[in-house]
Amino acid sequence: MQGAMAAPSVAPVTRQISGCAAPAPVPVPSGPESGQRLAAAVADLPVLDASGRRVLFGALFRERRAVVVFVRHFLCYICKEYVEDLAKIPKSFLKEANVTLIVIGQSSYHHIEPFCKLTGYSHEIYVDPEREIYKRLGMQRGEEIASSGDPAQQGGTLILGPGNNIHFIHRDRNRLDHKPINSVLQLVGVQHVDFTSRPSVIHV
């Protein structure tokens, strides 16, 4: 370990991190599933883009590292706010770190374009309408809200690639349990993003 002020082992920060200081890039972390391989059967499952074209899930991060965010559904207000914040991440920050950002939903591909217009999100986005990838990755189910896909399906955040390497998995326990964005960006060496243009998303 280098330097002073080593962070104690505590629960994750529970709100979007904001401020002016940019954290230094750090290596992808060790975690309970770090170093494991994504099963080929999962990598070979399809997702759909906004035009309905099938793309293999594993092809999204075969040649690059990716932060992959699975959202509950496109009618979830908390998911909408979270994706609005993801939309604020400059593409230049991601390019500089050689990282791609991908959102995956679980409704029809017809809903992708309206959702992007609603949130201002312009990074990569796909859907897994049959929720097969959600299931294979062990995403939890619970709660009940409006109907778009399975209203009880929870999401999560992963850091994957290049190839089928798993570096990090956070499985949402409920609709408020999104991983704070800047803590994920820090794990892949992407610059800190200031979300203070509107109130922070609070997680409990």
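Read-outs: derived from the displayed coordinates by stated rules, not from any lab. None of these values were measured; they are calculated from a predicted model. Because the Cβ atoms are built from the backbone with ideal geometry, glycine has one as well, and the counts that use them run over all protein chains shown.
Key figures for this structure:
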| item | result |
| --- | --- |
| Amide H partners (placed H, <5 Å) of residue 70, local residues excluded | 104, 156, 157, 158 |
| Selection from 69, 108, 59 lying farthest towards where the dipole of region 47-125 points positive, charges on Cβ | 59 |
| Cut-off under 5 Å, modelled amide H: who pairs with residue 65 long-range | 100 |
| Mean Cβ neighbour count within 10 Å, used as a protection proxy, ranking 100-112, 182-194 highest first | 100-112, 182-194 |
